[in-house]
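Only one structure is covered here, and it is reproduced in the block below.
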Amino acid sequence: MEDKESKHAQERNSFLINNFLDVIIEMELTGVITYINSQSYDDFGYKPDEIIGKSAFDFVHPEDRPIVEKRMREAIAQREFFSMDFRVKHKEGHFIPVYSKGSMSRLEGNLRIVTVLREVTELKEVEAKLKEAFERENFYKDLFTHDINNILQIIQSSVSLLKLFQNNPEVQQEEIHDIINLLNEQVIRGSRLVSNVRRLSEIEHQEISLTSTEVNVALENAINFVREGYQDKDITIQVDLSDTKVHIQANALLQDVFENILINAVKYTNDPSVSIDIHISEEKNIEKEFCKFEFMDNGIGIPDSRKEIIFQEGNKKDKSVKGMGFGLSLVKKIIESYDGKIWVEDRIKGDHSKGSNFIMLIPLAKSQEIKEVRQRID
C-alpha cells in the first residue's frame, strides 16, 4: 500500500514539475546539472537529456558568468538562499534574460543546489521602455526649462531697456526698433520650442500616417513663415524647382521640417545678409525613387565633429552652449517616419566655415496616389 501511494506521489510530483511554467534545475555543488524539467525546451530550446551532465555555467552569458559563479560560491559557503538576474544561452545562439532563485537541499544524502529560472524577456523590455521614457521625460524637462529660461531672461532684459529708453529723448528710434525686433524673435523662438515639444510627443506616441503631399505648398508656407517672423533680417531664399508639382510620401509635419531647417539657417548666420539656396531634384536607387532636398546656407557652418550629433536629442548636454539639436532632432524623427534620410555637409567641401548644406531624401509618392489626391482636389 505504501509503495503504491509512494508511486502515485512520485507521478504527481513529476507531472507538476514537468508542467511547471518555470525551469527547475538540480545541480551538484560544482555546477554539473543532475536534473532539469521539460520547460527547458520551451524556454531555451534544449531537451533535458541535452543538458543533464553538463555544467550550468556553460549556458551562462560570458559577461554574467563571473558574477553568477561568485554568488553561487557565497550561497554554498553560507548555506543561504540566493537570487540573481543573468542571461542564458538559447540553443539557437541568442541569450534569454532570466531571474533565478534557489537554495541548498540535501537529496538522497547529498547536498544539491536547486534553483528555479524564470524567463523575463517581456519584463526586461518593459523595464527598458520605462527607463527610456523616464530619461526622455527628463531630457524634455531639462531642455525646455533651459531654453524657456533663456527666452524669458532676454525678454526681461529687453523690457527693462525699453523702460529706460522710454523717457530718454537721446535714444534713437533705431535702438528701440532693434529691441522690439529682439522681443519678436524671442516670441517666435518660444512658439517654436512649444511646437517642437508637441510634435516630438505626437511622433513618439502616435502612429504616423503618410499620404501624397505636395512639396511646393509646404515649402512656400515655410518660407513665408520665416520671412514674416524675421522681417528685420535681410533674407534671400532661392528655390531651384520647376513649375511641375512634386509629391512625396509625407504629411502635415513636412512644413515643420522646412521651417526648422530655414530657421536654423537664419539664426546661425553672422553675415548681415542671410542667403539660402534650395535645390530640389529626383534621385533613384535599387529600391525607391526619392525627392532630394538641399538647403545651402551662408551660416557659421558645422564642424565635422558635430555633423552627426546635432541630430541627437541629447547633444546639448552643455547648457551654456547654444545648440541646434532640439529642432534638428525633431526634423530627423519626422524624416525617418517618412522612411527618409537626412544629413549635413559643408556648402563648400572642406571648409565648414562657409556654410552648411542640409540634405534630405524622402520617397516620392506613387503616381496612383498623386492621381487620387488630384481627383479629391478637383
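The values are calculated or read from the model by the stated rules, or taken from the named source; none is laboratory data. Because the structure is predicted, anything quoted here is derived from the model rather than measured. Note that we place each Cβ from the backbone using ideal geometry, even for glycine, and neighbour counts take in every protein chain shown.
Some notes on this structure:
- Of all residues in the stretch 291-318 being under 18 Å from VAL194 (Cα atoms) and surrounded by fewer than 19 Cβ atoms within 10 Å (Cβ to Cβ), the one that is modelled with the lowest pLDDT: GLY314
- Any pair with Cβ under 8 angstrom, 6 or more apart, that starts in the stretch 73-88 at a residue that is on the phi > 0 side of the Ramachandran plot and not assigned by TED's automatic domain parsing to the domain that holds GLU26 and ends at one that is surrounded by 11 or more Cβ atoms within 10 Å (Cβ to Cβ) and small (Gly, Ala, Ser): none
- Check on GLU220, under 21 Å from ILE263 (Cα atoms), over 29 Å from the mean Cα position of the chain (by Cα), at pLDDT below 80 and in the same structural domain as LYS366 (by TED's automatic domain parsing): no
- A search for C-beta distances below 7 Å between a residue of the stretch 21-45 that is in the same structural domain as TYR99 (by TED's automatic domain parsing) and any residue that is of a type in the set (Gly, Ala, Ser) and surrounded by 19 or more Cβ atoms within 10 Å (Cβ to Cβ), counting only pairs 6+ apart in sequence or on different chains, returns VAL23/SER40; ILE25/ALA56; MET27/ALA56; GLY31/ALA56; ILE33/ALA56.
- Here ILE208 meets each of (1) at pLDDT below 85; (2) under 33 Å from the mean Cα position of the chain (by Cα); (3) surrounded by fewer than 18 Cβ atoms within 10 Å (Cβ to Cβ); (4) not in a loop (DSSP other than H, G, I, E, B) with one exception, condition (4).
Conditions tested, residue by residue: (1) at pLDDT 75 or above; (2) surrounded by 12 or more Cβ atoms within 10 Å (Cβ to Cβ); (3) not in a helix (DSSP H, G or I).
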{"site": "ILE113", "(1), (2), (3)": "yes, yes, yes"}
{"site": "ARG118", "(1), (2), (3)": "yes, yes, yes"}
{"site": "GLU127", "(1), (2), (3)": "yes, yes, no"}
{"site": "LYS131", "(1), (2), (3)": "yes, no, no"}
{"site": "PHE144", "(1), (2), (3)": "no, yes, no"}
{"site": "ASN150", "(1), (2), (3)": "no, yes, no"}
{"site": "ILE155", "(1), (2), (3)": "yes, yes, no"}
{"site": "PHE165", "(1), (2), (3)": "yes, yes, no"}
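To keep it simple, each residue is scored yes or no on (1) at pLDDT below 90; (2) charged (D, E, K, R); (3) in contact with a helix residue (DSSP H, G or I) (Cβ under 8 Å, 6 or more places away or on another chain).
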residue: ILE33; (1), (2), (3): yes, no, yes
residue: GLY45; (1), (2), (3): yes, no, no
residue: HIS61; (1), (2), (3): no, no, no
residue: ARG71; (1), (2), (3): yes, yes, no
residue: ILE76; (1), (2), (3): yes, no, no
residue: SER83; (1), (2), (3): yes, no, no
residue: ARG87; (1), (2), (3): no, yes, no
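- Count of the stretch 243-276 residues which are under 27 Å from HIS352 (Cβ atoms) and of a type in the set (A, V, I, L, M, F, W, C): 9
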